[in-house]
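Worksheet: one structure, shown below.
The values are calculated or read from the model by the stated rules, or taken from the named source; none is laboratory data. Note that this is a predicted model, so its numbers are computed, not measured. Every residue, glycine among them, receives a Cβ derived from its backbone with ideal geometry; neighbour counts consider all protein chains shown.
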Amino acid sequence: MACIGAALGLRCTVRALDATGRSRRNWLLTAASAIGSGIWTMHFVAMLGFGVRGTDIRYDVPLTVLSLVVAMGVVGVGVFAVGHGRDRVRSLLIGGLTTGIGVASMHYLGMAALRLHGQVRYDPLLVGLSVLIAVVAATAALWAALHIHAPAAVAVASLVMGAAVSSMHYTGMLAVSVEVAPSGAALPGATVMQFVFPLAVGLGSYLFITAAFVALSPTAGERAAYAFAERPAEPDGHPVDAGAARTRTRTY
């Protein structure tokens, strides 16, 4: 899921760099939603495999939803910094830092939504390492969006970003330790299957549908080629410049 979200986000960013005005804004919004929902889905699919002996686990619904909103919002800030920045190096550094912090914020907000009988603690060194991995991965992915336009190269870049985001997640999970305090009291929140899993399935479906839309949408080069092919032709079969044709008509 992380790789699919990264691939879709990179393709949308590439499309945005070739567009202007409202079209560029729409492509950047799609890129932010794709990357944000991809990493969020990856995180909570991975959390399906997380358990603690001696206690059930529930998820605080508002915090879980907030983690998704933060992921899309902060990643959006980073993507727009790259898409609209004039200084490419500065935009890349700002965008990579912002996007990486957004990825890390999503992860730790999602972890803050955990409800269990006990206390969760973190190793600060490993937490810092996980944030660093997120920032480096995001910067590398945005660099790829700026410099690599070939579909095969984007596919490789998305695999690298997906692997890096997953590494950030499991580094963050390695930092976790839980001190269980057994209790028979009911835990607040929803189970992973009641809330998180259906939402993850919904976002996964969104990614696949959006990927199909992007794949079927013509690029700027293709649209120019279509427009060129539809221009009227001279008797010798060569396309006519519309402006020149109008000038000749007025002269005659």
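A few comments on the model shown:
- Condition met for residue 57 (at pLDDT below 90, surrounded by 16 or more Cβ atoms within 10 Å (Cβ to Cβ) and over 13 Å from residue 43 (Cα atoms)): yes
- Output for the stretch 112-140, where each listed residue is of a type in the set (A, V, I, L, M) and within 12 Å of residue 168 (Cβ to Cβ): 126, 127, 129, 131, 132, 133, 134, 135, 136, 137, 138
- Condition met for residue 13 (buried (at least 24 other Cβ atoms within 10 Å of the Cβ) and modelled with pLDDT under 85): yes
- Residue match in the stretch 39-48 (condition: outside any helix (DSSP H, G or I) and modelled with pLDDT of 85 or more): no
- Scanning the stretch 93-114 for residues that are surrounded by 16 or more Cβ atoms within 10 Å (Cβ to Cβ) and either over 21 Å from the mean Cα position of the chain (by Cα) or not in a helix (DSSP H, G or I) (or both) yields 113, 114.
- Scanning the stretch 139-175 for residues that are within 15 Å of residue 12 (Cβ to Cβ), of a type in the set (A, V, I, L, M) and in a helix (DSSP H, G or I) yields 141, 142, 144, 145, 146, 154, 155, 157, 161.
Residue-wise test of (1) surrounded by fewer than 14 Cβ atoms within 10 Å (Cβ to Cβ); (2) within 16 Å of residue 49 (Cα to Cα); (3) of a type in the set (Phe, Trp, Tyr).
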| position | (1), (2), (3) |
| --- | --- |
| 158 | no, no, no |
| 169 | no, yes, no |
| 176 | no, yes, no |
| 186 | yes, no, no |
| 193 | yes, yes, no |
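- Taking first residues from the stretch 78-103 that are under 10 Å from residue 138 (Cα atoms) and partners that are modelled with pLDDT under 80 and outside any helix (DSSP H, G or I), no Cβ contact under 7 Å between residues at least 6 apart in sequence or on separate chains turns up.
- Boolean, residue 90 is of a type in the set (Lys, Arg) and in a helix (DSSP H, G or I): yes
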